[in-house]
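K.L.:
Sharing a structure below in structure tokens format, with a few things to ask.
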Amino acid sequence: MSEFNLGGVRFDADTVLAAAAGLEAMADRLEAAVSADAQTLAVPAAGSDKVSLAAADTLTAVGASFVDQSGLGVDELRKLAAVVRDQASAFGRVETASAVDFTNLL
């Protein structure tokens, strides 16, 4: 892809695409880490009394919520990466169209 540089405003599509790939990699790492440790977030009760059972249930529910919310974060990272890629592509199309317009003026 190309690079756009105008008086301090610079757009390097390759760098933008690398950033999108970095976001995807981050999402993959987060998803893998949460998946690998999800089972450890289920807390067994320390005893059979009501307090131990309630504490274990609460901690397990918090762990499940963490897994769910982490999944939403992974989805958002992937959406952000897609938007960044789309913006780089759109910029390239606009830049090409502008170059064609200037060429047609000649």
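Taken together, the values in this text are just the output of simple stated rules run on the coordinates, not laboratory data. Computed from a predicted structure; not experimentally measured. Glycine also receives a Cβ, built like all others from the backbone with ideal geometry; neighbour counts cover every protein chain displayed.
K.L.:
Using modelled amide H (1.01 Å from N, peptide plane; none on Pro or chain starts), what sits under 5 Å from the amide H of D12, excluding residues fewer than 5 places away?
P.N.:
Here F4 satisfy the definition.
K.L.:
Along the charge dipole of segment 11-105, Cβ charges K/R +1 and D/E -1, which of A46, M26, V83 sits furthest on the positive end?
P.N.:
A46
K.L.:
Taking the Cα centre of segment 11-105 as origin, sum charge times position over the Cβ atoms of Lys and Arg (+1) and Asp and Glu (-1), and report the length of that vector in debye to the nearest 20.
P.N.:
For segment 11-105, the charge dipole is close to 120 debye.
K.L.:
Still on this structure, I have one more. Say each of L53 and A99 gets a label point 7 Å from the Cα, pointing the same way as Cα to Cβ; how far apart are those two points in nm?
P.N.:
Simple spin-label model gives 7.1 nm for this pair.
K.L.:
Kirkwood hydrodynamic radius (Cα pairs, Å) of the chain?
P.N.:
With all distinct Cα pairs of the chain included, I get 17.5 Å.
K.L.:
Taking θ = phi - 60°, what integer Hz values does the Karplus form 6.51 cos²θ - 1.76 cosθ + 1.60 yield along segment 16-24, in sequence order, with x for Gly and Pro?
P.N.:
Using θ = phi - 60°, the values come out as 5, 5, 5, 5, 4, 5, x, 5, 4 Hz.
K.L.:
Still on this structure, I have one more. So what's the back-of-envelope 222 nm ellipticity for the chain, counting only DSSP H runs of four-plus at -39500 (n - 2.57) apiece and dividing by all residues, rounded to 500?
P.N.:
My calculation for the chain gives -28500 deg cm²/dmol from helical runs alone.
K.L.:
What list do you get for V67, V34, V100 if you sort them by fewest beta carbons within 10 Å?
P.N.:
V100, V67, V34
K.L.:
Quick check: the angle from helix 50-105's long axis to the longest principal axis of the chain, C-alpha only, nearest 10 degrees?
P.N.:
The angle comes out at about 0 degrees.
K.L.:
Further, regarding this structure: So if each residue of separation counts as 0.36 nm, and I subtract the Cα-Cα distance between A38 and L72, what length gain in nm does that give?
P.N.:
10.8 nm
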